[in-house]
Amino acid sequence: MQAEQMKKDGLRLRGEVIAELRGPDGKIKQRQVTHNLVTDQGDIFAASAMYTAAYATWGMKLGTASTAASKNGAGSFIAEADYITGSAKALDDSTPKAGATADIVQFRRLWAAGEGTNATINRVGITDNTTDLDEDDGTHTFAMAVFTAQIAKGADDTLTVTWNCTCLGA
């Protein structure tokens, strides 16, 4: 009930997603900054997470589709056709954590060399699980971001996605 009341009160989240692809030498090969869209289910997750330890099982997944992010429907999850096998990974141990200011919550994941390797990474989602599978619908997705340019992660590259969610209040 508390989660539903917070949604009615107009709790709003805005996210900035930063993806950095590094070569084996550690130098940045590609950097992108984009914004996310918190899904309908994500609104419920965010509100209820304030009262629980919900993030303990959360992770990120990578996808190849360039479908626009949406609150619900096809753009609100990573489907079977675009899920990158092996990309479902838990959030880094240090996240979520406070961001640069008190109203920012930061999520982060580093895909090491050999993890999440794909030449056509177009999207990333924060999910309530790390199951190495696609999602059937948006019921497990907190937020989705689509990159403006495709990321080609080679086997020796690392990819770090840092997600800064700002709580905007009512």
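The values are calculated or read from the model by the stated rules, or taken from the named source; none is laboratory data. Just so it is clear, the model here is predicted, and its values are computed rather than measured. Note: ideal-geometry Cβ built from the backbone for every residue, glycine included; neighbour counts use all protein chains shown.
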Any hit, segment 41-51, residues being at pLDDT below 90 and exposed (fewer than 15 other Cβ atoms within 10 Å of the Cβ)
yes
Being surrounded by 15 or more Cβ atoms within 10 Å (Cβ to Cβ) and charged (D, E, K, R) is the filter; apply it to segment 118-170 and report the residue that is farthest from the chain's Cα centre (by Cα).
ASP157
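Suppose we keep only residues that are part of a loop (DSSP other than H, G, I, E, B) and surrounded by 20 or more Cβ atoms within 10 Å (Cβ to Cβ) within segment 108-117. Which one would you say is nearest to the chain's Cα centre (by Cα)?
If we take residues in segment 108-117 being part of a loop (DSSP other than H, G, I, E, B) and surrounded by 20 or more Cβ atoms within 10 Å (Cβ to Cβ), then GLY116 is nearest to the chain's Cα centre (by Cα).
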Of these, THR67, THR101, which one is part of a loop (DSSP other than H, G, I, E, B) and at pLDDT below 90?
THR101
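Every residue, every condition in (1) aliphatic (A, V, I, L, M); (2) at pLDDT 95 or above; (3) within 20 Å of HIS35 (Cα to Cα), yes or no:
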| residue | (1), (2), (3) |
| --- | --- |
| ALA54 | yes, no, no |
| ARG108 | no, no, yes |
| GLY114 | no, yes, no |
| THR127 | no, no, yes |
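Name the single residue, out of those in segment 123-150 being among the polar types (S, T, N, Q) and in contact with a helix residue (DSSP H, G or I) (Cβ under 8 Å, 6 or more places away or on another chain), that is farthest from VAL17 (Cα to Cα). Spell out how you get there, then give the answer.
Kept after step one, since they are among the polar types (S, T, N, Q), are these residues of segment 123-150: 127, 129-131, 139, 141, 148, 150.
Checking which are in contact with a helix residue (DSSP H, G or I) (Cβ under 8 Å, 6 or more places away or on another chain) leaves us with 127, 129-130, 139, 141.
Details: THR127: 15, ASN129: 19, THR130: 19, THR139: 21, THR141: 15 Å.
If we take residues in segment 123-150 being among the polar types (S, T, N, Q) and in contact with a helix residue (DSSP H, G or I) (Cβ under 8 Å, 6 or more places away or on another chain), then THR139 is farthest from VAL17 (Cα to Cα).
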